[in-house]
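Notes to accompany the following structure.
No value in this document is a laboratory result; all are computed from the given coordinates. Predicted model only: the values in this text are computed from it and were never measured. Don't worry about glycine lacking a Cβ; one is built from the backbone with ideal geometry, like all the others, and counts go over all protein chains shown.
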Amino acid sequence: MVSRWIVLLLGIGSAAHAASADRYLDLRDATQATAGWGVARSHASVDGQPLRIGTEVFPQGIGTHAPAELVFPLDGQQRWLTFYAGVSADMTEKGSVTVQVWTDGKKAYETEVMRVREEPRYVSLPVS
């Protein structure tokens with residue numbers, strides 16, 4: 001089985017869910033960050049390249065290599081977790097990945113299988 005690069009673009013929305021109250025998560029916010037290969041990076045792919053999924057380029061987000069685990073604390077002020085997920089456009093070989101979101105020890109969401117060269121998947125989950 002071949003490991004894959006994953007690009008996650010994570011945002012947390014406040015109770016007001018107003019654009020001015022939204023914030024982007026990066027690895028400085030994480031209480032835990034593991035990557036299957038290399039090191040997860042904020043605002044870059046695992047190998048330091050720009051974050052790209054399909055034909056989209058993202059200036060912010062987290063690049064990591066599967067299997068990975070990123071843990072972020074919530075302080076009760078957030079209502080939504082929104083993100084784009086997908087396999088890095090830097091991948092040249094066959095590969096696939098799924099992304100799971102766990103809250104309070106329970107799986108809250110799992111993407112369908114995402115493959116190389118597919119466009120990003122947008123996810124919006126309530127976390128209040």
- Message: Using amide H atoms built in the peptide plane, which far-off residues or other-chain residues are under 5 Å from Ala89 H to H?
- Response: Arg52, Ile53, Gly54
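Given 20 °C and 1.002 mPa s, how large is the Stokes-Einstein diffusion coefficient of region 59-121 in µm²/s, with Rh as the Kirkwood radius over Cα pairs?
Numbers: Rh = 13.4 Å.
Calculated translational D: 160 µm²/s.
When only Cα pairs under 8 Å and 6 or more residues apart are kept, what is the percent relative contact order across region 77-128?
Reported relative contact order: 54 percent.
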- Message: Given 25 °C and 0.890 mPa s, compute D for region 21-74 with the Stokes-Einstein relation, Rh being the Kirkwood radius over Cα pairs; round to the nearest whole µm²/s.
- Response: 211 µm²/s
- Note on the structure: Given Cβ charges of +1 for Lys and Arg and -1 for Asp and Glu, the option among Ala108, Ser88, Ile62 whose Cα lies farthest towards the positive end of the dipole of region 44-128 is Ala108
- The answer for Ser45, listing residues at least 5 apart or on another chain whose modeled amide H is closer than 5 Å to its amide H, is Leu51
